[in-house]
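**Q** Here's a structure for you.
Nothing in this text is a laboratory measurement; each read-out follows from the coordinates by a stated rule. A quick note: this is a predicted structure, and the numbers were derived from the prediction, not measured. With ideal geometry, Cβ positions are generated from the backbone for all residues, glycine too; neighbour counts draw on all protein chains shown.
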């Protein structure tokens, strides 16, 4: 039995997919959910326990265990194989790419660094101030363990020296983001010194980087510094605390997004685990895509200052564009952030979350904080703030409701507002047309399809080169439906496991997928196979 078959035999695809999306019975051995790969309101993503396959009737994506993890986690095949083999308890003896080896070694290095920092916090004499600081912030030993908090020693070579003794090279420490090379390039030193360390993990719980909080306010250094972008760490694609929140998010069918790491820890202290942090930045589309694996409902709570309000606005816009159900949490007067609220009254945090409002109510409350505007200038300003938001509402009944409410608040007729509303709606449509035109001009689809044809032709003709293909060609480089075909090739042909039976299995699945949206592509594949025979066999 091949390694891939053994992995798939040990892991039920329903259990695997169910770790990422909330599946519901769909009759027989089938389950369904909202597709994690595209926006949809009616679930069209199906998983078959009998066939051990998944397929989305909405976007056409489909495949087996490996295709699912590769698309969702952004992994290449070798990385997906390692991840699933580890999960299944299967030893991987086959060829693993150099890229995966480097990534695996860096993951081990960063994990070791996290354990080093954690041990320093618990035991080092120099960490007494750090322990006292966390105690004053109300952090229990249980919370410190749960989040694996640590302390970076006040030394230039604390971690560097430790990792060197464990066999790691200076270049690896630099690539992992925990060390910095001196300007004279003679040696390296610790990036984090005399800081409380917050390990940042990916959705699987693997530590990929750190955020370090300065303990000495007299030092001329940033209060927080983070791991720079590395092979492992991309801040815009990570959410602090997600690995600890996944189960709670699925149970609550909603996620709470806060701004800071301490807000997440405070929320756990208050008994709310379905919370993640954007780590001091506005939400990104990548972070929202992560969230949508687990829920379509998001409640945003950013700090009660101007920067927090701006971050909330950007997050709201992106979440609405992603088609999510968006709520906004407003902190009580005199409260800076969730951490501050929990420190004053832990039970108040749950009540504040329950009091979250819809987006338009939040915008109206914020605009009319000081009461109804009296002057014409103030009314004009309020209208300019709210009309664009009303215009964005897709539902005409909802638009009519909020137009009527704005007219009432401003003391004007609805007819006065309708003209401005139409202007904003037309402006939005024009912007959409421009964006669509830009996409068409910057993505030459015809040329891309021709190149994809050539690639598939070679793949069909030269299965002996398939192992090299799956290492070098990422699925997202290909347009549909070439991508679907390629994703089905990857698990079967990796490590030269191609057989007549595997060919038949590939095309049985591929036919089922392609006949729905692109029936003509089947005959096109036959033609490509002939082209491949002519061009690449010889």
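**Q** Could you calculate the FRET efficiency of residue 156 with residue 73 from 1/(1 + (r/R0)^6), where r is the beta carbon distance between them and R0 is 35 Å, rounded to 0.05?
**A** Efficiency computed from Cβ-Cβ geometry: 0.45.
**Q** Express the relative contact order of the range 1-58 as a whole percentage, based on alpha carbon pairs under 8 Å and six or more residues apart in sequence.
**A** Relative contact order comes out at 27 percent.
**Q** Going by C-beta contacts inside 10 Å, put 353, 298 in order with the fewest on the left.
**A** The order, fewest Cβ neighbours first, is 353, 298.
**Q** In addition: Between residue 6 and residue 234, take the C-beta separation as r, use R0 = 35 Å, and let me know the FRET efficiency to the nearest 0.05.
**A** So, using R0 = 35 Å, E works out to roughly 0.65.
**Q** Restricting to Cα pairs below 8 Å that are 6+ residues apart, what does the relative contact order work out to for the range 200-246? Please round to a whole percent.
**A** This gives 45 percent for the range 200-246.
**Q** If you don't mind, another one. Between residue 145 and residue 361, what FRET efficiency comes out of the Förster formula 1/(1 + (r/R0)^6) with R0 = 56 Å and r the beta carbon distance, rounded to 0.05?
**A** Efficiency for this residue pair is about 0.90.
**Q** Can I ask one more? Using Cβ counts within 10 Å as a stand-in for footprinting exposure, how do 401, 384, 118 rank, fewest first?
**A** So the ranking, lowest neighbour count to highest, is 384, 401, 118.
**Q** Between rounded, prolate and oblate, where does the range 3-88 land on the alpha carbon gyration tensor, with a ≥ b ≥ c its root eigenvalues, rounded for a/c under 1.5, else prolate if a/b exceeds b/c?
**A** Judged from the Cα gyration tensor, the range 3-88 comes out oblate (a/c at least 1.5, b/c at or above a/b).
**Q** Right, another one. Is the C-alpha gyration tensor of the range 78-205 telling us rounded, prolate or oblate? Criteria: a/c under 1.5 is rounded; beyond that, a/b larger than b/c is prolate, otherwise oblate.
**A** Cα axes put the range 78-205 in the oblate bin.
**Q** Related question: How far is it, in nm, from the label point at residue 398 to the one at residue 115 when both lie 7 Å from their Cα along the line to the Cβ?
**A** For the pair residue 398/residue 115, the computed spacing is 4.9 nm.
**Q** Next question. Sort 349, 402 by Cβ crowding within 10 Å, fewest neighbours at the top.
**A** In increasing order of surrounding Cβ atoms, one gets 402, 349.
**Q** Note down the relative contact order for the range 101-233 as a percent, whole number, built from C-alpha pairs under 8 angstrom at least six residues apart.
**A** Once divided by the residue count of the range 101-233, the mean separation gives 25 percent.
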